[in-house]
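See structure below.
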Amino acid sequence: MPAADTVQLDKALQLHRQGKLEAAEKIYRHILADQPDHRDALNNLGILLRMQDRTEDAIAVLHHLTNIAPEFAEAWNSYGRALTSAGRLEDARAALQRALSINPELVVAHLNIAFTFELSGDLEQAAASIHRYLAAHPDNPEALERLGCYLHDLGHDEDALKALRQSVELAPDRHSALIALAFALEKSEQYEDAIANRKRALIIAPDDVECLGDMAISLERLGQIDEAITARKRTIALAPQDAASMGDLGRLLTENDEDGEAAGWFERALNLAPDAPRIHFNHALYLLRRGEYEQGWAEHEWRQEFASLKDIFPDYPQPRWDGSSLAGKTIFLHGEQGAGDTIQFSRFVPEVARQAAKVILGVREPLARLLAPLPGVDQIITDPLDLPDFDVRCSLLSLPHHLRVDPDSDPSKVPYLANTGSFPVQISDGKLNVGLVWGGSPTHKNDHNRSLTLSQLKPFLDITGCRFHNLQVDDRKLEISADGLSDHVLDMTDNIRDLADTADLIAQLDLVIAVDTSVAHLAGAMGTPVWILLPKPADWRWLRDREDSPWYPTARLFRQTKRGDWEDVIERVASELEAYSLRQAGRLN
């Protein structure tokens, strides 16, 4: 290569690296005008064209280069990247493999192959390609970050954390790696470390709106609601048209008992995004917690429009019931979300049955025997794909909206569910028999707030005159023996097949003490005295501040007065239970 061309090429490369692409392109083309087959000029021009999103032009230049210089490994690597940009992933991999066959030391091709596998959704192969690159360059922070992200998505959580931590250690200011590490830490429930990494990321990029939003979620997860509110407000200050953040701020303020400010943010959010289902849904929870049922039920209908709260039954072609006449029609009523919701809203089924010709009720298998005796249920099904003909469908949670009822005008009477009497074990020992539920489903998004451990109930397990019975049917019942409490809590749940059996056991009890789970709803629906232990904030259905429930007349609510503080709740329960036991003993004697 003539010395003048070398100088020109170096100048073009410098401009290229500075992002002055038009000036660099002119020099590359000037060189090629004199030397049409100049390998480096062609290769660099192809790379430049790809960077400018002139993908087809880049492919043409680089394809020509691979024809005239078939043993030029860098050309095949550049060609593979251009083909990747065009979505021709198999051709891209073939080109990149060709580069490696010519020059196995060109390990950057492994990174580029990994990207093709990432785009095609084959993360196992993507991770394998990154590993090949790291074998030659073990301290490359970009490669370690990408490997960590692939492993995170593949569910290899510990390996993902290891790779991402290495990336951050090698490049402490690598913003994307800090963000990726924060997500991986959250998945492993290391929330404080996740927040620390997000704070580091925000020092580097203080105006990163997405990071601030994720920070708010992490802070909320740790119960740091004031800090989460601050993060959301910073998000909105940076993105004043971000309706989703405004709606989420309204939700956080609602949970922090700051209703006045919450109302304003919901109004602003809905003005900006009047068709946003998530904002309407959170607004519904705000209204329902305040007992503003008419508007609350209407807003609650928006839940059916976003994926995470879709009906558990498929989206059938039959229309949803809109509250119009059901005369001569068959309606399919179905559960949605959790068993507790189904139990709570099944109270409205008899009223629908009075209006319709036929009622088909679809529920999960554990609820079928319990709900089959509801007045007006003509058929109960548990298989969403095996349905008889029907005219309209409706979620149970939509019934109060269409029936225009609230707890105070509810036409149903408690109890509206009863036991079947088929449970094989009988309780009769003359003591106050108390059922216990201290935890819900671990997969529930709020389980970390609503559930306790059995050992936290110890302050009242020694109360004289009480006999405690386990109502947990999941692995939490193993805590009874693990905590050495087998003499305090009887466990007969091996005989329980479903919630109908649970109802039979509850029917033999004097009292149920439960966290906010389906068993609490079941006891309330049966008219059994039930003390419900509620976190702060409590779910919308328990309203604000009340110790009673309009949904369940026999329920008594024991609320946290401080977020996360169960000790005070348990002390109050222990005191009340001792007095209750003495009163009951007096009646028995």
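The values are calculated or read from the model by the stated rules, or taken from the named source; none is laboratory data. Being a predicted model, the structure only gives us computed values, none of them experimental. Because the Cβ atoms are built from the backbone with ideal geometry, glycine has one as well, and the counts that use them run over all protein chains shown.
Out of 297, 321, one residue alone is buried (at least 19 other Cβ atoms within 10 Å of the Cβ), over 30 Å from residue 449 (Cβ atoms) and in contact with a His (Cβ under 7 Å, 6 or more places away or on another chain). It is 321.
The residues listed here are 541, 497; of these, the one that is in a loop (DSSP other than H, G, I, E, B) and of a type in the set (Lys, Arg) is 497. The criterion of being assigned to a helix (DSSP H, G or I), surrounded by 19 or more Cβ atoms within 10 Å (Cβ to Cβ) and either acidic (Asp, Glu) or touching a Gly at 6+ places or on another chain (Cβ under 9 Å) (or both) holds for residue 220. Within region 438-454, restricting attention to residues that are in contact (Cβ under 8 Å) with a residue 12 or more places away in the chain, surrounded by 13 or more Cβ atoms within 10 Å (Cβ to Cβ) and out of contact with any helix residue (DSSP H, G or I) (no Cβ under 7 Å at 6 or more places or on another chain), the residue that is nearest to residue 577 (Cα to Cα) is 452.
Evaluating residue 505 against the criteria (1) of a type outside the set (S, T, N, Q); (2) part of a loop (DSSP other than H, G, I, E, B); (3) modelled with pLDDT under 95 leaves one unmet condition, (2).
In region 573-584, the residues that are in contact (Cβ under 8 Å) with a residue 12 or more places away in the chain and hydrophobic (A, V, I, L, M, F, W, C) form Cβ pairs under 8 Å with partners that are assigned to a helix (DSSP H, G or I) and surrounded by 20 or more Cβ atoms within 10 Å (Cβ to Cβ), at six or more places apart or across chains, as follows: 573/460; 574/460; 577/460. Scanning region 375-390 turns up one or more residues that are on the phi > 0 side of the Ramachandran plot and not in a helix (DSSP H, G or I). Tell me, please, whether a residue that is within 20 Å of residue 13 (Cβ to Cβ), surrounded by 16 or more Cβ atoms within 10 Å (Cβ to Cβ) and small (Gly, Ala, Ser) can be found in region 52-69. Yes. The listed residues are 99, 94, and the only one of them that is among the small types (Gly, Ala, Ser), surrounded by fewer than 18 Cβ atoms within 10 Å (Cβ to Cβ) and at pLDDT 95 or above turns out to be 94.
Of everything in region 486-514 that is within 21 Å of residue 558 (Cβ to Cβ) and of a type in the set (A, V, I, L, M), the residue that is surrounded by the most Cβ atoms within 10 Å (Cβ to Cβ) is 512.
If you go through region 326-333 one residue at a time, do you hit one that is modelled with pLDDT of 95 or more, surrounded by fewer than 17 Cβ atoms within 10 Å (Cβ to Cβ), farther than 19 Å from residue 378 by Cα and among the small types (Gly, Ala, Ser)? Looking for residues that are modelled with pLDDT of 95 or more, surrounded by fewer than 17 Cβ atoms within 10 Å (Cβ to Cβ), farther than 19 Å from residue 378 by Cα and among the small types (Gly, Ala, Ser), one finds none in region 326-333, hence no. Residue 487 meets all of the listed conditions (1) free of Cβ contacts under 8 Å to residues at least 60 places away in the same chain; (2) in a helix (DSSP H, G or I); (3) acidic (Asp, Glu) but one, namely (2). In region 508-538, of all residues being in contact with an Asp or Glu (Cβ under 9 Å, 6 or more places away or on another chain) and in a helix (DSSP H, G or I), the one that is farthest from residue 346 (Cα to Cα) corresponds to 518. If you go through region 74-91 and pick out every residue that is surrounded by fewer than 24 Cβ atoms within 10 Å (Cβ to Cβ), part of a helix (DSSP H, G or I) and either hydrophobic (A, V, I, L, M, F, W, C) or in contact (Cβ under 8 Å) with a residue 60 or more places away in the chain (or both), you end up with 1.
Every condition in (1) surrounded by 17 or more Cβ atoms within 10 Å (Cβ to Cβ); (2) touching a helix residue (DSSP H, G or I) at 6+ places or on another chain (Cβ under 9 Å); (3) not aliphatic (A, V, I, L, M) holds for residue 464 except the one numbered (1).
Quick grid of which residues meet (1) surrounded by fewer than 16 Cβ atoms within 10 Å (Cβ to Cβ); (2) modelled with pLDDT under 95; (3) closer than 25 Å to residue 130 by Cα:
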position: 154; (1), (2), (3): yes, no, yes
position: 168; (1), (2), (3): no, no, yes
position: 187; (1), (2), (3): yes, yes, yes
position: 197; (1), (2), (3): no, no, yes
position: 247; (1), (2), (3): no, no, no
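Note on region 366-387: residues that are touching a residue at least 12 places away in the same chain (Cβ under 8 Å) and over 23 Å from residue 304 (Cα atoms) amount to 12.
Taking residues in region 411-423 that are farther than 18 Å from residue 354 by Cα and in a loop (DSSP other than H, G, I, E, B), and partners anywhere that are acidic (Asp, Glu) and modelled with pLDDT of 85 or more, the pairs with Cβ atoms closer than 8 Å and at least 6 places apart or on different chains are 419/504; 420/504; 421/504; 422/501; 422/504; 423/501; 423/504.
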